[in-house]
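The values are calculated or read from the model by the stated rules, or taken from the named source; none is laboratory data. The structure presented is a predicted model; accordingly, all values stated were derived computationally and were not measured. We place every Cβ from the backbone using ideal geometry, glycine too, and count neighbours over all the protein chains shown.
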Ligand SMILES: *[C@@H]1O[C@H](CO)[C@@H](O)[C@H](O)[C@H]1NC(C)=O
């Protein structure tokens, strides 16, 4: 049905959007409905056409309801909508659904983004290599469903997707040179603007690592609203990274304490990645120390967490600071 109330649930109902359209428009839309038998996706032979001809060829006419059933459904909706609207009035936006679907999407997206900007968690984890950023991001994401955005991993996956941006990024990754800030920022903004991030919030780590990057992020639409420094000494970082290892076959990373290999076969073939070797880590630690004062100046309200504790205690400290406002 083209009239619907979409409620985005995340800890509480924060946004609801009502797509409204006159009955005659809705009844007319019912008639051209088509269904993709493979995916169950719904199309319409005039309003919503598949981009791919392969899909067009396999579409089936919607096994529609009879005229009477449609009217009954519509009447039921008209009866319920008043109650629903008043229940969600504090978070409700009514959008005219009788427009091209791209326009409807833009209006809903704009509403969701402004509405959620202040409430959606947009977390930034900063800390030296080995301070546990990836692990804490994974724990937060598992529990609170925010999107885990690891900058390095994101760049590697974008570099592999065959796009125009991928071709720009690849040479840097292959030569082990840093990807230019403007390119990183472009990739990040693209990722953070996606629906999962704007609806569920995100946890960013691996960027920014110096002043100019932090300033650029502050000037974008994607300022973090909760910033954490995971504080830990160089000695501890070096010791922890010494426990990291990578499976050369799957590319998966393991850690002797927080994420051990699943079996001895995998364990036996693990290798240390170039960036986890001691001289490289020492260099990154020095770089982090060189820039951390400048980063702190950009985020004066950041919370410092003692990360030289077991991962679960670090997680509890993070959590307690997340929910206090
Ligand atoms: C850190 O700063 C010092 C002093 O400015 C500089 O000599 C050194 O090269 C920097 N180290 C790194 C890794 O950027």
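Give me the residue from the stretch 254-281 that is under 30 Å from the mean Cα position of the chain (by Cα), without any contact (Cβ under 8 Å) to a residue 12 or more places away in the chain and away from the ligand (no atom under 16 Å from the Cβ) and, out of that set, surrounded by the most Cβ atoms within 10 Å (Cβ to Cβ).
Only one residue tops the list, namely 260.
When residues of the stretch 300-313 are filtered for being in contact with a helix residue (DSSP H, G or I) (Cβ under 6 Å, 6 or more places away or on another chain) and not in a loop (DSSP other than H, G, I, E, B), how many remain?
3
Quick check on the stretch 109-126. Is at least one of its residues free of Cβ contacts under 8 Å to residues at least 60 places away in the same chain and outside any helix (DSSP H, G or I)?
Scanning the stretch 109-126, I find no residue that is free of Cβ contacts under 8 Å to residues at least 60 places away in the same chain and outside any helix (DSSP H, G or I), so the answer is no.
Quick check on my filter: what residues within the stretch 153-172 are surrounded by 15 or more Cβ atoms within 10 Å (Cβ to Cβ) and within 23 Å of residue 132 (Cα to Cα)?
Result: 154, 155.
A quick yes/no check of all residues on (1) part of a helix (DSSP H, G or I); (2) modelled with pLDDT of 95 or more; (3) closer than 14 Å to residue 206 by Cβ:
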site: 143; (1), (2), (3): yes, no, no
site: 148; (1), (2), (3): no, yes, yes
site: 153; (1), (2), (3): yes, no, yes
site: 162; (1), (2), (3): no, no, no
site: 166; (1), (2), (3): yes, no, no
site: 171; (1), (2), (3): yes, no, no
site: 174; (1), (2), (3): yes, no, no
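For the stretch 224-253, enumerate the residues that are over 26 Å from the mean Cα position of the chain (by Cα), assigned to a loop (DSSP other than H, G, I, E, B) and under 21 Å from residue 208 (Cα atoms).
232, 233
With the requirement that a residue be surrounded by fewer than 20 Cβ atoms within 10 Å (Cβ to Cβ) and either in contact with a strand residue (DSSP E or B) (Cβ under 8 Å, 6 or more places away or on another chain) or outside the structural domain of residue 318 (by TED's automatic domain parsing) (or both), what does the stretch 227-241 give you?
Restricting attention to the stretch 227-241, the residues satisfying the condition of being surrounded by fewer than 20 Cβ atoms within 10 Å (Cβ to Cβ) are 231, 233-236, 238-239.
Result: 231, single match.
Search the stretch 56-96 for residues being part of a loop (DSSP other than H, G, I, E, B) and at pLDDT below 85, and hand back the single one that is farthest from residue 37 (Cα to Cα).
This residue is 88.
Of these, 297, 284, which one is assigned by TED's automatic domain parsing to the domain that holds residue 143, within 16 Å of the ligand (Cβ to nearest atom) and not in a loop (DSSP other than H, G, I, E, B)? Let's see the steps before the verdict.
Working: 297 fails: within 16 Å of the ligand (Cβ to nearest atom).
Selected residue: 284, the only one of 297, 284 that is assigned by TED's automatic domain parsing to the domain that holds residue 143, within 16 Å of the ligand (Cβ to nearest atom) and not in a loop (DSSP other than H, G, I, E, B).
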